[in-house]
Amino acid sequence: MLKLKNIKKQFGDLTVLDGIDLELKKGEVAAIIGPSGTGKSTLLRCINLLETPTKGTIEIDGFSVDSKNLSPKDCIELRKKTAMVFQNYSLFKNKTVLENIMMPMTLVQKKDKKVAEEEAMALLKKVGLADKRDYYPSRLSGGQQQRIGIARALAVHPEIILFDEPTSSLDPELVNEVLELIRELSNEHECTMLIVTHEMRFALEIANKIIFMEKGKVVEEGSPNELLYNSTNERTRSYFKQFI
Ligand code: ADP
Ligand code: MG
């Protein structure tokens, strides 16, 4: 479903991604774990072409693009297959909850407004916030805003959802409602999920694959058990020791 080949990203002299290869199967839930500054966010941003990789190819659901010859049309096509959930929610502050979810449907997918509204309401029910449809984001808690962020990501029926530390801006007591929602989605196996998170226990519980990244490289990937308890890689062992 997702296939990354030799993705490199440089900002000037700084190499942030140093040849990332990664494959995910349809419906797979993978967690990226690693120290900060390692390039995790940059990797997610390269997958949906918010950043242009310096080198490498990205394939999603059979559609492949090479960083060497990216046309605007390719970018649009690839972006349609992805959705991103950001650390800081990134909701439009001057739009209501319902409008926030409708926007990608009317603007990107060119759906009829009535249809979009019906679908947005169904998504609001799914994330348990139907009664907040006419609220502006500032009236919601961080946890509620992030649930809206997730509903908006689902609105475009992406092949893959990219979560960038979805709970790290939240007060501790609000983390669970968001993790619970992500857990529910992962159980539905409808779309592939790639989640950057520091919530190790959560990652171990829902991910069938853990990807350990450090300094722009994938050090090791495997099942939670393999990485946490059975790795023979010295870097992996020393990083994961803190979680055992
Ligand atoms: P992580 O998400 O693992 O914490 P990031 O992908 O955010 O890491 O950042 C990796 C490195 O790339 C950091 O050193 C960061 O300063 C640098 N970086 C990220 N985005 C840019 C940018 N737009 N311009 C220059 N450097 C950047
Ligand atoms: Mg980051």
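If you take the residues in the range 156-176 that are in contact with a Ser or Thr (Cβ under 9 Å, 6 or more places away or on another chain) and without any contact (Cβ under 8 Å) to a residue 40 or more places away in the chain, which one is surrounded by the most Cβ atoms within 10 Å (Cβ to Cβ)? Spell out how you get there, then give the answer.
Of the range 156-176, the ones in contact with a Ser or Thr (Cβ under 9 Å, 6 or more places away or on another chain) are 156, 158-168, 170-171, 174-176.
In the following step, the residues that additionally are without any contact (Cβ under 8 Å) to a residue 40 or more places away in the chain were identified as 167, 170-171, 174-176.
On the way: T167: 23, L170: 21, D171: 10, L174: 17, V175: 19, N176: 15.
Ranking the qualifying residues of the range 156-176, first place goes to T167.
Is it the case that the range 204-214 has a residue that's surrounded by fewer than 21 Cβ atoms within 10 Å (Cβ to Cβ) and within 16 Å of ligand 2 (Cβ to nearest atom)?
Yes.
Restricting the search to the range 228-244, which residues are surrounded by 14 or more Cβ atoms within 10 Å (Cβ to Cβ) and either out of contact with any helix residue (DSSP H, G or I) (no Cβ under 7 Å at 6 or more places or on another chain) or closer than 27 Å to D61 by Cβ (or both)?
N233, R235, R237, Y239
Hey, can you tell me all the residues within the range 76-99 that are touching a helix residue (DSSP H, G or I) at 6+ places or on another chain (Cβ under 6 Å), closer than 19 Å to D164 by Cα and buried (at least 16 other Cβ atoms within 10 Å of the Cβ)?
If the condition is that a residue be touching a helix residue (DSSP H, G or I) at 6+ places or on another chain (Cβ under 6 Å), closer than 19 Å to D164 by Cα and buried (at least 16 other Cβ atoms within 10 Å of the Cβ), then A83, V85, Y89, L91 are the ones that fit.
Just one of E220, E184 is in a strand (DSSP E or B) and free of Cβ contacts under 8 Å to residues at least 60 places away in the same chain; which is it?
Working: E184 fails: in a strand (DSSP E or B).
The conditions single out E220.
Would you mind telling me which numbered condition in (1) under 22 Å from G39 (Cβ atoms); (2) out of contact with any Leu (no Cβ under 9 Å at 6 or more places or on another chain); (3) of a type in the set (V, I, T) T232 fails?
Answer for T232: the failing condition is (1).
Can you confirm whether A116 is hydrophobic (A, V, I, L, M, F, W, C) and either more than 20 Å from V178 (Cβ to Cβ) or at pLDDT below 95 (or both)?
yes
Here is a check on your reading of the model: is L70 away from ligand 2 (no atom under 16 Å from the Cβ), more than 15 Å from the chain's Cα centre (by Cα), at pLDDT 95 or above and not charged (D, E, K, R)?
no
Which numbered condition in (1) loosely packed, with under 15 Cβ neighbours inside 10 Å; (2) over 19 Å from P158 (Cβ atoms); (3) at pLDDT below 95 is the only one that K125 fails?
Here K125 meets the rest and fails (3).
Looking at this structure, is K73 surrounded by fewer than 21 Cβ atoms within 10 Å (Cβ to Cβ) and in a loop (DSSP other than H, G, I, E, B)?
no
Kindly list, by first and then second residue, each pair from a residue in the range 90-116 that is part of a loop (DSSP other than H, G, I, E, B) to a residue that is β-branched (V, I, T), limited to pairs with Cβ atoms under 7 Å and residues at least 6 apart or on different chains.
Hits for this filter: L91/I148; Q109/V156.
Can you find, within the range 14-57, the residue that is farthest from ligand 2 (Cβ to nearest atom) among those that are under 17 Å from V196 (Cβ atoms) and of a type in the set (V, I, T)?
Looking at residues that are under 17 Å from V196 (Cβ atoms) and of a type in the set (V, I, T), I get V29.
Being surrounded by 15 or more Cβ atoms within 10 Å (Cβ to Cβ), within 16 Å of ligand 2 (Cβ to nearest atom) and part of a strand (DSSP E or B): is that true of K5 here?
no
Would you confirm whether or not the range 39-52 contains a residue that is surrounded by 16 or more Cβ atoms within 10 Å (Cβ to Cβ), polar (S, T, N, Q) and part of a loop (DSSP other than H, G, I, E, B)?
Yes; the residues of the range 39-52 include at least one that is surrounded by 16 or more Cβ atoms within 10 Å (Cβ to Cβ), polar (S, T, N, Q) and part of a loop (DSSP other than H, G, I, E, B).
Output the residues belonging to the range 149-168 that are modelled with pLDDT of 95 or more and on the phi > 0 side of the Ramachandran plot.
E165 - this is the single residue of the range 149-168 that is modelled with pLDDT of 95 or more and on the phi > 0 side of the Ramachandran plot.
Do you know which residues across the range 154-168 are more than 14 Å from ligand 1 (Cβ to nearest atom) and polar (S, T, N, Q)?
Restricting attention to the range 154-168, the residues satisfying the condition of being more than 14 Å from ligand 1 (Cβ to nearest atom) are 154-161, 167.
Scanning the range 154-168 gives a single hit, T167.
The values are calculated or read from the model by the stated rules, or taken from the named source; none is laboratory data. It should be emphasised that the depicted structure is a prediction, and the values quoted were computed from it without experimental measurement. Heads up, the Cβs are rebuilt from the backbone with ideal geometry, glycines too, and the neighbour counts pull from every protein chain shown.
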